[in-house]
Amino acid sequence: MADLDPEEFRRLGYAVVDWIARYRAGVGELPVRGDVEPGSVRDQLPGSLPEQPGTLDALLADIDRVVVPATTHWQSPAFFGYFPANASLHSLLGDMLSGGLGIQGMLWSTSPAATEVEQVLMDGLADALGLDPAFTFAGGGGGSIQDSASSGALVTLLAALHRSDPRWRTDGVDGTERVYVTVETHSSLAKAVRVAGLGARALRIVPPMPGSPAMSPDALAAMLAADRAAGLRPVLVCPTVGTTGTGAVDPVRAVAAAAQDVWVHVDAAWAGVAALCPEHRDLLDGVELVDSFCTNAHKWLQTAFDASLLWVRDARTLPDALSITPEYLRNAASESGAVVDYRDWQVPLGRRFRALKLWTVINGYGLEGLRAHIRRHVALATELAGWVRDDPGFTLAVPRSLALVCLRVVTGDGPEADDAATREVMERVNASGEALLTHTVVDGRYVMRVAIGSATTEAAHVAALWERLRREATAVRG
Ligand SMILES: *Cc1c(COP(=O)(O)O)cnc(C)c1O
């Protein structure tokens, strides 16, 4: 029994596809959040692993019985938490093809198509997003599909460390490195700083511009000058286009000007894909001046996790920082310099053929279909924000950003009462199972986030959410 007989695989594969199709057809009817206690899943599973093979039917029955009720249904049309993580059925087909080929794409020579398809898609997407041609391979830069924006931030930081002082490769960090972010920057930057061994002291929080959450370029310039004068070494500046909490956008052009020769990495993990639509191109204003840019296909671009798109302006920077070549990886193609070896663009050696799922997505929707997907959500969020604005029982905590609406309940009894009511309304909505929201804190105030972005979310789902929010707020206000 070396493996499944391909004919048997065909039969079982159809059964799995049937299961997925049935799950997706009915996911809108399930409570969005599984209602389970810690340990309850473990308690339902056998304490020891089977010595003898079982049937796929029995496994699928266990998944129905144990897994589905304890799952948060991220593909539900009523999922409005965090940022929705699109896992379109198109992308699942590509994932299956990728697993079916079962290649390792670490070097060009270990599977040339895996590298070149990825290069072509990343060049094409750079163009479709309106990125500067310098980010394409033809322009001397290039893109790669990372597992996550977090990994993208880490390898970018390593490239920035190397560019700042190549002795980094032999001597490591020296404690003078500094990285510039804002309070709203995603925690993955702080994690990258920790993983790279810089220590939390390396993280400098740039203050915002007055009356806005966005990074102040003037404050950045002052901090850079002061740090340099103190003998410290600015290594990386990370403006965000669409922060996770509120969707705030840092002024990339002015930040890049203030940063001068310091590496600038733009984190647009959620919002960046909206630049496919010409009316949202302004999001990328100034990105032509930076060193690297990241956006996730696995949030709002119909692609199942993992597919984070990272472009660098100089294709040599990541290999310069990361390449290590033991004898067993030596090959003529790499030595010719004519190929890209993506292992040098990431931490792990091995890599999946992620480009296939991106390809099935782009093929399945066309760029027009992807634009329509984004526009539909932005329109729904615009409508919701209008309802919030017009209802004295609610207020927008910050202006709507694309398809993210941040709101608070208004009780008339002051900020503390509003915060408590907002939290309670959100918890009641989530407990109902009819929708899922998450929260953030802005200027010390509790805020509900409604992130519209599930592929199947329609106007009716947003209207139902709004009705429930109003009903729960009335109940909470008493
Ligand atoms: C979601 C998010 C990330 C992290 O994304 P991963 O791909 O899960 O690492 C980073 N930055 C921003 C702005 C995000 O919204």
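With the condition kept exactly as written, say whether any residue in the range 83-94 is more than 16 Å from the ligand (Cβ to nearest atom), in a helix (DSSP H, G or I) and within 26 Å of P251 (Cα to Cα). Reasoning before the result, please.
Just the residues of the range 83-94 that are more than 16 Å from the ligand (Cβ to nearest atom), to begin with: 88-90, 92-94.
Then keep just the ones that are in a helix (DSSP H, G or I); that gives 89-90, 92-94.
Filter once more, so that each one left must be within 26 Å of P251 (Cα to Cα): none.
Looking through the range 83-94, none of the residues is more than 16 Å from the ligand (Cβ to nearest atom), in a helix (DSSP H, G or I) and within 26 Å of P251 (Cα to Cα).
Residue by residue, here is whether (1) out of contact with any strand residue (DSSP E or B) (no Cβ under 7 Å at 6 or more places or on another chain); (2) open to solvent by less than 10 Å² (accessible area, probe 1.4 Å); (3) part of a helix (DSSP H, G or I) holds:
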| residue | (1), (2), (3) |
| --- | --- |
| I145 | no, yes, no |
| L154 | yes, no, yes |
| L157 | no, yes, yes |
| D174 | yes, no, no |
| V179 | no, yes, no |
| G211 | yes, no, no |
| L224 | no, yes, yes |
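I need the full set of residues from the range 240-264 which are within 18 Å of L310 (Cβ to Cβ) and under 17 Å from the mean Cα position of the chain (by Cα), in order please.
Passing the criteria: T240, V241, G242, T244.
For the range 278-319: of the residues being within 11 Å of the ligand (Cβ to nearest atom) and among the charged types (D, E, K, R), which is farthest from the chain's Cα centre (by Cα)?
Out of the qualifying residues, it is D306.
Restricting to the range 224-277, name every residue that is over 12 Å from F293 (Cα atoms), in contact (Cβ under 8 Å) with a residue 40 or more places away in the chain and out of contact with any helix residue (DSSP H, G or I) (no Cβ under 8 Å at 6 or more places or on another chain).
D227, G231, L232, T243, T244, G245, T246, A248, D250 - these are the residues of the range 224-277 that are over 12 Å from F293 (Cα atoms), in contact (Cβ under 8 Å) with a residue 40 or more places away in the chain and out of contact with any helix residue (DSSP H, G or I) (no Cβ under 8 Å at 6 or more places or on another chain).
Take the range 184-210 and flag every residue that is of a type in the set (V, I, T) and either closer than 21 Å to S308 by Cβ or at pLDDT below 95 (or both). Write out each step before concluding.
Looking only at the range 184-210, we keep the residues that are of a type in the set (V, I, T), and these are 185, 193, 195, 205-206.
Of everything in the range 184-210, those that are of a type in the set (V, I, T) and either closer than 21 Å to S308 by Cβ or at pLDDT below 95 (or both) turn out to be T185, V193, V195.
Does M106 satisfy the criteria of being among the hydrophobic types (A, V, I, L, M, F, W, C), within 23 Å of P348 (Cβ to Cβ) and outside any helix (DSSP H, G or I)?
Working: among the hydrophobic types (A, V, I, L, M, F, W, C): yes; within 23 Å of P348 (Cβ to Cβ): yes; outside any helix (DSSP H, G or I): yes.
In short, yes.
List the number of the failed condition for A304; all other conditions in (1) touching a Ser or Thr at 6+ places or on another chain (Cβ under 8 Å); (2) farther than 25 Å from L203 by Cα; (3) surrounded by fewer than 21 Cβ atoms within 10 Å (Cβ to Cβ) hold.
(3)
Listed residues S98, S109, S150; which is of a type outside the set (D, E), within 16 Å of the ligand (Cβ to nearest atom) and either surrounded by fewer than 22 Cβ atoms within 10 Å (Cβ to Cβ) or over 30 Å from H439 (Cβ atoms) (or both)? Explain how you work it out, then say what you get.
On the way: S98 fails: within 16 Å of the ligand (Cβ to nearest atom); S109 fails: within 16 Å of the ligand (Cβ to nearest atom).
None of the others qualify; the one that does is S150.
Could you say whether any residue in the range 167-178 is within 16 Å of the ligand (Cβ to nearest atom) and hydrophobic (A, V, I, L, M, F, W, C)? Write out each step before concluding.
Looking only at the range 167-178, we keep the residues that are within 16 Å of the ligand (Cβ to nearest atom), and these are none.
Within the range 167-178 (the criterion being within 16 Å of the ligand (Cβ to nearest atom) and hydrophobic (A, V, I, L, M, F, W, C)), the answer is no, since none of the residues qualifies.
Cβ-Cβ below 7 Å, separation at least six or inter-chain, first residue in the range 458-478 and under 13 Å from E383 (Cβ atoms), second small (G, A, S) and open to solvent by less than 60 Å² (accessible area, probe 1.4 Å): which pairs?
H461/A78; L465/A78; L465/A435
Per-residue answers, yes or no, for (1) in contact with a Gly (Cβ under 9 Å, 6 or more places away or on another chain); (2) modelled with pLDDT of 95 or more; (3) of a type in the set (A, V, I, L, M):
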residue: D171; (1), (2), (3): no, yes, no
residue: M215; (1), (2), (3): no, yes, yes
residue: A230; (1), (2), (3): no, yes, yes
residue: P239; (1), (2), (3): yes, yes, no
residue: G247; (1), (2), (3): no, yes, no
residue: A256; (1), (2), (3): yes, yes, yes
residue: W263; (1), (2), (3): no, yes, no
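On the given criteria, is S187 assigned by TED's automatic domain parsing to the domain that holds S308, without any contact (Cβ under 8 Å) to a residue 24 or more places away in the chain and within 10 Å of the ligand (Cβ to nearest atom)? Full working, then the answer.
On the way: assigned by TED's automatic domain parsing to the domain that holds S308: yes; without any contact (Cβ under 8 Å) to a residue 24 or more places away in the chain: yes; within 10 Å of the ligand (Cβ to nearest atom): yes.
Yes, satisfied.
Sort out which residues of the range 24-44 are part of a loop (DSSP other than H, G, I, E, B) and basic (K, R), and write them in order of number.
Residues of the range 24-44 that are part of a loop (DSSP other than H, G, I, E, B), as a first pass: 30-39.
The one that is part of a loop (DSSP other than H, G, I, E, B) and basic (K, R): R33.
Return the residues of the range 327-338 that are assigned to a loop (DSSP other than H, G, I, E, B) and open to solvent by 40 Å² or more (accessible area, probe 1.4 Å); say none if nothing qualifies.
Taking the range 327-338 first, the residues assigned to a loop (DSSP other than H, G, I, E, B) are 330-331, 337-338.
Selection gives R330, G337, A338.
Restricting attention to the range 26-52, report how many residues are over 30 Å from L407 (Cα atoms) and in contact (Cβ under 8 Å) with a residue 12 or more places away in the chain.
The qualifying residues number 4.
Inspect all residues belonging to the range 243-254 and state whether any of them is away from the ligand (no atom under 16 Å from the Cβ), under 28 Å from V120 (Cα atoms), open to solvent by 20 Å² or more (accessible area, probe 1.4 Å) and not in a strand (DSSP E or B).
Within the range 243-254, one or more residues are away from the ligand (no atom under 16 Å from the Cβ), under 28 Å from V120 (Cα atoms), open to solvent by 20 Å² or more (accessible area, probe 1.4 Å) and not in a strand (DSSP E or B).
For the range 264-277, indicate whether the set of residues that are away from the ligand (no atom under 16 Å from the Cβ) and surrounded by fewer than 23 Cβ atoms within 10 Å (Cβ to Cβ) is non-empty.
Among the residues of the range 264-277, at least one is away from the ligand (no atom under 16 Å from the Cβ) and surrounded by fewer than 23 Cβ atoms within 10 Å (Cβ to Cβ), which makes the answer yes.
State whether the residues of the range 317-324 include one that is touching a Ser or Thr at 6+ places or on another chain (Cβ under 7 Å) and open to solvent by 10 Å² or more (accessible area, probe 1.4 Å).
The initial filter retains those residues of the range 317-324 that are touching a Ser or Thr at 6+ places or on another chain (Cβ under 7 Å), namely none.
No, the conditions are met nowhere in the range 317-324.
The values are calculated or read from the model by the stated rules, or taken from the named source; none is laboratory data. Not measured: the values here are computed from a predicted model. Backbone-built Cβ (ideal geometry, glycine too); neighbour counts: all protein chains shown. The area values use the complete protein model at the heavy-atom level, side chains included, leaving out ligands, DNA and RNA. Shrake-Rupley method; radii C 1.70, N 1.55, O 1.52, S 1.80 Å.
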